[in-house]
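The values are calculated or read from the model by the stated rules, or taken from the named source; none is laboratory data. From a predicted model like this one, the values you see are computed outputs, not experimental measurements. Counting neighbours? That spans all protein chains shown, and the Cβs are built from the backbone with ideal geometry, glycine included. For the accessible areas, the whole protein counts, side chains as well, though only heavy atoms, and no ligand, DNA or RNA atoms are used. Shrake-Rupley method; radii C 1.70, N 1.55, O 1.52, S 1.80 Å.
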Amino acid sequence: MDITCDQDCDMGYIYLKESYSGNYEQFKLKETISQQNIDNTINNIYLQLNRLNWPKKTYRKALNDGDFIEEFQNDLDENGYMKGIELKLTSKKLKEIVDNLEISTFEFANSQFYYIPLARKDEIFSDKNFIYPFSKAEDAYVILSISKQSRYEINKDGGKTNVYAVAYIKAIMFTDKSPYDINYFKNLKIYKASNT
């Protein structure tokens, strides 16, 4: 998995698909962390997942319905699968991602899933968090927190102000049948802006 970050403005991007990554002209490779063997299992995964809220809609539908807005811009492919996450990425947040990035596997809904955490476990499996499938195939999911912090958007028709909660990506999980490649996630590469 590739992460690019510019610590001067605390912005970053997490690439979830190898085919979408690779053009980092203004960034330099600073760190590589390999995790080739995935023998980690999550204890009581059903109990953990049952803590989450499971709305009966896809991530894209929830986004289009205004259930939340994204922190910045998370890119989706034509089928609704997330290609990348744009986020505020301070040095502290980057360290948190690296420290907690322990790929796990578990069986769920008669399929073998891979689990990619992007936050601490207690921040992921909270009863306030939501889990959405990326598509109706339900072969990949995103876990997110929806904060009480809000952003405002002005409607063009009538000048009405709508308030939207901001969603933060905490983890993804997927099967081999999804468009994600577990081998891509086994090598974390961190690229930093050339001037940092």
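Descriptive notes on the structure:
- In the stretch 82-122, residue nearest to residue 59 (Cα to Cα) [restricted to those that are open to solvent by 20 Å² or more (accessible area, probe 1.4 Å) and in contact with a Ser or Thr (Cβ under 7 Å, 6 or more places away or on another chain)]: 114
- Residue 22 vs. criteria free of Cβ contacts under 8 Å to residues at least 40 places away in the same chain and more than 18 Å from residue 175 (Cβ to Cβ): yes
- Per-region count, the stretch 1-36, residues part of a loop (DSSP other than H, G, I, E, B) and either in contact with a Lys or Arg (Cβ under 9 Å, 6 or more places away or on another chain) or open to solvent by less than 90 Å² (accessible area, probe 1.4 Å) (or both): 11
- Residue in the stretch 108-117 that is closer than 20 Å to residue 40 by Cβ and at pLDDT below 90 present: yes
- For beta carbons closer than 7 Å, sequence separation of 6+ or different chains, a first residue in the stretch 82-96 that is on the phi < 0 side of the Ramachandran plot and a second that is surrounded by fewer than 19 Cβ atoms within 10 Å (Cβ to Cβ) and assigned to a helix (DSSP H, G or I), the qualifying pairs are 83/20; 84/20.
- Hits in the stretch 130-145 (condition: more than 19 Å from residue 105 (Cβ to Cβ) and crowded, with 20+ Cβ neighbours inside 10 Å): 130, 132, 144
- Those residues of the stretch 171-196 which are in contact with an Asp or Glu (Cβ under 6 Å, 6 or more places away or on another chain) and part of a strand (DSSP E or B), in sequence order: 189, 190, 193
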